[in-house]
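Written below as structure tokens is the structure these notes are about.
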Amino acid sequence: MAEALMQDQALPEATHQDMANAIRALAMDAVQKADSGHPGMPMGMADIATILFTRFLKFDARHPEWPDRDRFVLSAGHGSMLLYALLYLTGYPEMDIEQIKNFRQLGSRTAGHPEYGHAPGIETTTGPLGQGLGNAVGMALAERLLNQRYGDDIVSHFTYCLAGDGCLMEGISQEAISLAGHLKLGRLIVLFDDNHISIDGPTSLAVSDDQLVRFRASNWHTAAVDGHDPEAVALAIENARSVTDRPSIIACRTVIGYGAPKKAGTASTHGSPLGAEEIAGARTQLGWHHEAFEVPKLVLESWRAAGERHRAAYDKWSKAAGKLDTAKRAHLTEPIDAGVRAAIVCAVAAIKTDFTGEGAKLATRQSSQKVLEKLTPVVPGLIGGSADLTGSVGTLTKQHAIVEPGNFAGNYIHYGVREHAMAAAMNGLALHGGIVPYGGTFLVFSDYCRPSIRLSALMGQRVVYVMTHDSIGLGEDGPTHQPVEQLAALRAMPHLNVLRPADSVECAECWEIALLAQDRPAILALTRQGLPLLRTAPSDENLSAKGAYVLLEPEGGRDVTLLATGSEVSLAVDAAKMLQGEGIKAAVVSMPCWELFAAQDESYREAVLGGGPRVGVEAAVEFGWRRWLGPEGAFIGMRGFGASAPGQELYKHFGITPEAVASAARDLIVKN
Ligand SMILES: Cc1ncc(C[n+]2csc(CCOP(=O)(O)OP(=O)(O)O)c2C)c(N)n1
């Protein structure tokens, strides 16, 4: 409260109205010049954004990377010009007026929707509605987790999320708000652009929810204000900040396209340029008598002053952070630094030795749990969780304590049956910095996480998705639970490592790959059923790191190469042994990660794949396999959905057996 009042007194000279109008004008001018975009939301939310950025938001435009800055998430990403205008006006680096003029143009930092990494100050990529809200929940959770570990002097900030009717209509919003309310994320404040308009027209066409009742039912503090009354907005934000045991939502009643004389309040301002005449009318109505893209000196200076409001706070924070142990300070932004990388490599080598020594038959979900048990103490900020399948997916170990509502000392989150929110929140945890999130569910439910996985990949965030029960091998639960097309679908996604280990040793290697790949997410596709140990020879080298490698090379050249992933590698090995008995020389290639294999040089790939006939084996659909098999190769796998029966029987029923592999190999050799 005292802080907010002090900031009030330091308010720059330009009027609130002028400062808000600068946002409105930049938005309508940029959209007009680009001949595409969404002016309505920035014009409607300009008052709220002005209050937030000039009075409350803790940020220093010179230091967008400040770990203790408040986070501002524009969940309604179509209103990107609101964010770009704010970044330009407050003086963020790399966001000059040329960027605003080049809105939506190739190579500009001002893409149609905010893209993480395109400019400092863009906290996350938004556009797919509701995802930003899920990210904000993850960021607010990260703040509490790190506050618990670092204390108030180092981590103590708010997460503000601007969400529209669209975000709140999306199903993911229910999961996200329910999780946030349960965990009592009191530092999360949602500013709801309650303008009653979406693309098709008035929201009454499609929705009649009482949003605030919905939020209250999920343990949120709620308030409603006139979004064009600056003092009412300020008071509501101040109140929300003082509620520490619940997240808050403020429904800000706004007029979309505020200021446009004919179009304000209508869906026509949502996603199209206003047109020259309407823009001229808006300038008159708003009292903004400046050329396109021109922000008068006083207004710009006032905004720039807002960008400097927290310089002293930044300096104070820097001093406090400077007293931290160097590694701990570094881990606040990047938990896996050189020291931790070395520790991971070392721990994985030790686990591999244990696995080879024990020689046990283990499901890879169990091996993964054993690996996690060793990695958890080594990786700071490693935060686990599962969507109500903890026991099945092996994500919890003896090294974990549970995060409870209002108590953030733990390192494991019960996300509940909320796969959508789990995945979106994990993106937020990763984006916040200081956290390495992993979360588990069944591979078939990767479909429920897919929109967020896509954003992890697009943003290059290190999120580890532990996806077990990865084939018909799961058995009796039947085709609803048996993934057949998910591996192919996930492999189709750019910038994502899909890792499917064949045994415990590969499982440890895949965890190492997932954690050390700082710039991308990973899927660990793991089995429910036990798998024999195939990597019996101890090796410190991470053989999985090249994506595929020769597991078994026959002496004296190959007649055929058997390519397989995960649980089917042992089938390929059995087939090779059968063939060997007949004098046929078969090599077995394990392919735990296609993406990494594709990135190897051609000579390596050719050497691994071999020049002769190839048979691919995977208990999934064939889609994608031709890349490795060529047009002549044979594929042993699924041709449709699975069935309900014990896993072993299903393998026989669907013809995924060593005998079938051997037979396909013989046929190919004869043909050749
Ligand atoms: C998941 C998803 N579905 C659909 C869209 C397309 N879309 C963009 S904005 C929008 C309507 C949003 O309405 P609202 O949040 O009320 O925004 P406003 O009209 O107030 O700007 C839709 C359907 C999208 N971006 N994401």
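Take the alpha carbon atoms of segment 230-306, find their center, do the same for segment 469-540, and report the distance between the two centers in whole angstrom. Each part's Cα centre sits 48 Å from the other's. The gain in end-to-end length when the GLN580 to ARG311 segment is fully stretched comes to 89.6 nm, 0.36 nm per residue minus the alpha carbon separation. Between SER36 and LYS398, residue separation times 0.36 nm minus the direct Cα-Cα distance comes to 124.9 nm. Here the simple spin-label model places points 7 Å from the Cα toward Cβ, and for LEU298 and SER204 these points are separated by 4.2 nm. Please determine, in degrees from 0 to 90 and to the nearest 10, the orientation of helix 569-581 with respect to the longest principal axis defined by the Cα atoms of the chain, where the helix direction is its Cα long axis. In the chain, helix 569-581 runs at an angle near 20 degrees to the longest axis. Using the alpha carbons alone, the radius of gyration of segment 445-565 stands to its Kirkwood radius in an Rg to Rh ratio of 0.99. Here the contact order of the chain, divided by its residue count and restricted to Cα pairs under 8 Å and six or more residues apart, works out to 12 percent. Principal-axis analysis of the Cα atoms of the chain puts helix 230-242 at an angle of about 50° to the longest axis. Taking the fewest neighbouring Cβ atoms within 10 Å as the starting point, the ordered list for ARG558, ARG365, ARG500 is ARG558, ARG365, ARG500. Set the Förster radius R0 to 25 Å, insert the Cβ-Cβ distance between CYS346 and THR536 as r into 1/(1 + (r/R0)^6), and round the FRET efficiency to 0.05. The computed FRET efficiency comes out at 0.70.
Spread over its residues, the convex hull of the C-alpha atoms of the chain is 155 Å³ per residue. Among beta bridges from DSSP that stay inside the chain, the antiparallel ones total about 10%.
Counted residue by residue at 0.36 nm each, then reduced by the alpha carbon distance between them, the extension gain from GLU291 to LYS319 reaches 5.7 nm. Computed from phi, the 3J(HN,Hα) profile of segment 641-646 under the Karplus parametrisation 6.51, -1.76, 1.60 (θ = phi - 60°) reads 6, x, 7, 9, 5, x Hz, with x in place of Gly and Pro.
Amide H contacts of THR254 (H built 1.01 Å from N, in plane; Pro and chain starts excluded): ASP194, ASN195, GLY227 sit under 5 Å, all sequence-distant by 5 or more or on other chains. Segment 638-653 and segment 123-170 have Cα centres separated by 42 Å. Neighbour counts of C-beta atoms inside 10 Å place MET41, MET493 in the sequence MET493, MET41, starting with the fewest.
Output the relative contact order of segment 402-560, whole-number percent, from Cα pairs under 8 angstrom with separation of 6+ residues.
Rounded, it is 20 percent for segment 402-560.
Over segment 491-633, the Kirkwood radius and the radius of gyration, each from Cα atoms, give a ratio Rg/Rh of 0.94. With helices as the sole contributors, the chain gives -13000 deg cm²/dmol at 222 nm; each DSSP H run of n ≥ 4 counts as -39500 (n - 2.57), and the sum is divided by every residue. Can you give me the relative contact order of segment 1-159 as a percent, contacts being Cα pairs under 8 Å and 6 or more apart? Value for segment 1-159: 22 percent. Protection proxy ranking for 127-136, 283-292, 438-447, 582-591, using the average of other Cβ atoms within 10 Å per residue and placing the highest first: 127-136, 438-447, 582-591, 283-292.
Among TRP317, TRP511, the order by Cβ neighbours within 10 angstrom, fewest to most, reads TRP317, TRP511. Just so you know, the Rg over Rh for segment 207-283 is 1.12, from Cα atoms, with Rh as the Kirkwood radius.
Quick note: the coordinates plus some simple rules give every number you see, no bench work behind them. Quick caveat, the model's predicted, so the values are computed rather than measured. All Cβ positions, even for glycine, are placed from backbone atoms using ideal geometry, and neighbour counts span all protein chains on display.
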